[in-house]
């Protein structure tokens, strides 16, 4: 029997990330416990940052190369990532009792749903048409490795560039994970 994990490709992986992030945001809207709300917000922020960095490192270069409008698509997606990071940065520093907290959660969910729609309904199917399955599986493996080293906190002023993520990202990620450990904000 094949390992279920090795059957997944990069589109499966990123789609699962999207679903999990949206589920956390939905849960965030239903709980009133301040500690749970902070934990859920911190979790979704960390997961989205890691997802975005890995995507920019490996998926966007493949999209630029293999989609006819790849440069325009990835520039648009990178700008959406920046918007998401700006909201996450503000959410990260907003107390759960502040009325702005719920506004930021709603804004993050709305922006994420739009971004997910663009990727899942338009870009990912085209990527699957253009790349062999083996390449898509290899990309998933690269994305998995990148997420383990990626930052866990939003850095909206950092460049959303493959080279920056590959060169500076692991160092930024290490600092973020140390901050997470010291603050009690742990990541899996």
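As a summary of the residue check, residue 46 satisfies the conditions (1) modelled with pLDDT of 90 or more; (2) buried (at least 22 other Cβ atoms within 10 Å of the Cβ); (3) under 16 Å from the mean Cα position of the chain (by Cα); (4) within 19 Å of residue 101 (Cα to Cα) except for the one numbered (1). Checked against (1) without any contact (Cβ under 8 Å) to a residue 24 or more places away in the chain; (2) farther than 30 Å from residue 132 by Cα; (3) assigned to a helix (DSSP H, G or I), residue 86 meets all criteria but (1).
Condition first: over 27 Å from residue 122 (Cβ atoms) and at pLDDT 90 or above. Can you find one or more residues in segment 63-83 that meet it?
No.
Of 24, 45, all but one fail to be assigned to a helix (DSSP H, G or I), under 20 Å from residue 95 (Cα atoms) and in contact (Cβ under 8 Å) with a residue 60 or more places away in the chain; the exception is 45.
Restricted to segment 90-188, the set of helices (runs of 4 or more DSSP H) holding at least 3 residues that are at pLDDT below 95 and over 14 Å from the mean Cα position of the chain (by Cα) comprises 162-167, 169-183. Whenever a residue of segment 60-74 is free of Cβ contacts under 8 Å to residues at least 12 places away in the same chain, its partners that are assigned to a helix (DSSP H, G or I) and surrounded by 19 or more Cβ atoms within 10 Å (Cβ to Cβ), lying with C-beta atoms within less than 7 angstrom and at least six residues away or across chains, give the pairs 64/70; 64/74; 70/63. Condition test on residue 57, is it buried (at least 18 other Cβ atoms within 10 Å of the Cβ) and at pLDDT below 95? Taking the combined requirement at face value, the residue satisfies it.
Looking only at segment 9-22, decide whether some residue is surrounded by fewer than 14 Cβ atoms within 10 Å (Cβ to Cβ), in contact with a helix residue (DSSP H, G or I) (Cβ under 9 Å, 6 or more places away or on another chain) and closer than 30 Å to residue 138 by Cα. Yes: segment 9-22 contains one or more residues that are surrounded by fewer than 14 Cβ atoms within 10 Å (Cβ to Cβ), in contact with a helix residue (DSSP H, G or I) (Cβ under 9 Å, 6 or more places away or on another chain) and closer than 30 Å to residue 138 by Cα.
The values are calculated or read from the model by the stated rules, or taken from the named source; none is laboratory data. Quick caveat: nothing in here was measured; it's all calculated off a predicted structure. A quick note on method: Cβ atoms are made from the backbone with ideal geometry, for glycine too, and the neighbour counts reach across all protein chains shown.
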